[in-house]
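The values are calculated or read from the model by the stated rules, or taken from the named source; none is laboratory data. Every value quoted in this text rests on a predicted model; they were computed, and no experiment measured them. Quick reminder, even Gly has a Cβ in these numbers, built from the backbone with ideal geometry, and neighbours come from all protein chains shown. Each accessible area value is taken on the protein alone, full model and side chains, heavy atoms only, with ligands, DNA and RNA left out. Shrake-Rupley method; radii C 1.70, N 1.55, O 1.52, S 1.80 Å.
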Amino acid sequence: MKEVSAQSRWLRILQIAIGSAAIILSIAVIVVPKLAPVTAMIIFAIVLFTVGVERIASGVGTEYLSRRSRMINIGIGAVVLFFAIITIAFPQNSINFLILIVGLALLFNGVIRVIDGIRKSFPRNSQRMFRIATGAICIVLAGFVLTNQQFGIFVVVVVMVVALVIQGAEIIYAGIKGERTRLIGKR
């Protein structure tokens with residue numbers, strides 16, 4: 001029978017609690033649409049904060065990963081904590097920054113897809129047309145995100161919620177199974 005150490009037990013409990021908090025707070029942002037964007041960003045920052053703490057705890061509490069992998073986990077956790085603190089301190093600026101980042105990412109992705117669809121040879125013409133069409137859709141969405149703040153906020157919130165629910169589920173699963181969430185590293 002596998003013995004669970006006290007260090008492993010506290011990390012598992014922390015993972016389950018943090019994963020649950022990430023999912024609950026993310027769902028709260030969607031369920032209560034009247035939340036102001038600033039409130040949504042503060043909730044997002046709180047979730048980021050908890051995920052950063054989990055990343056650091058995984059780096060500190062992981063015995064089977066290499067020292068380098070543990071240090072990378074701790075470093076990434078610290079960076080996530082930094083962004084969480086900045087978001088809490090300046091929620092409105094964080095919203096505008098995220099809208100800009102999402103809009104530019106959609107724009108660049110769309111332009112690259114259109115260029116790729118035009119230049120690259122495809123076995124079927126339908127693949128070329130699909131690539132160009134998805135690129136055009138990304139460009140149009142980028143235009144809406146960059147020119148309409150309300151639409152941009154909606155897109156940012158949806159992306160944040162989906163990402164955090166997935167991350168929360170992964171953290172809960174790792175806590176239940178007694179595994180560490182890891183970004184890199186060998187067992």
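Here is a check on your reading of the model: is Ile99 part of a helix (DSSP H, G or I), under 22 Å from Val162 (Cα atoms) and within 18 Å of the chain's Cα centre (by Cα)? Criteria met by Ile99. For Val114, indicate whether it is surrounded by 17 or more Cβ atoms within 10 Å (Cβ to Cβ) and either without any contact (Cβ under 8 Å) to a residue 24 or more places away in the chain or more than 27 Å from Ile18 (Cβ to Cβ) (or both). Yes: the conditions hold for Val114.
Is it the case that Ser121 is over 23 Å from the mean Cα position of the chain (by Cα) and not in a helix (DSSP H, G or I)? Spelling it out, Ser121 is indeed over 23 Å from the mean Cα position of the chain (by Cα) and not in a helix (DSSP H, G or I). Residues in the stretch 64-88 that are in contact with a Lys or Arg (Cβ under 9 Å, 6 or more places away or on another chain) and among the polar types (S, T, N, Q): Ser66, Ser69, Asn73.
All conditions but one from (1) open to solvent by less than 30 Å² (accessible area, probe 1.4 Å); (2) under 18 Å from Pro37 (Cα atoms); (3) modelled with pLDDT under 85 apply to Gln150; the one that does not is (1).
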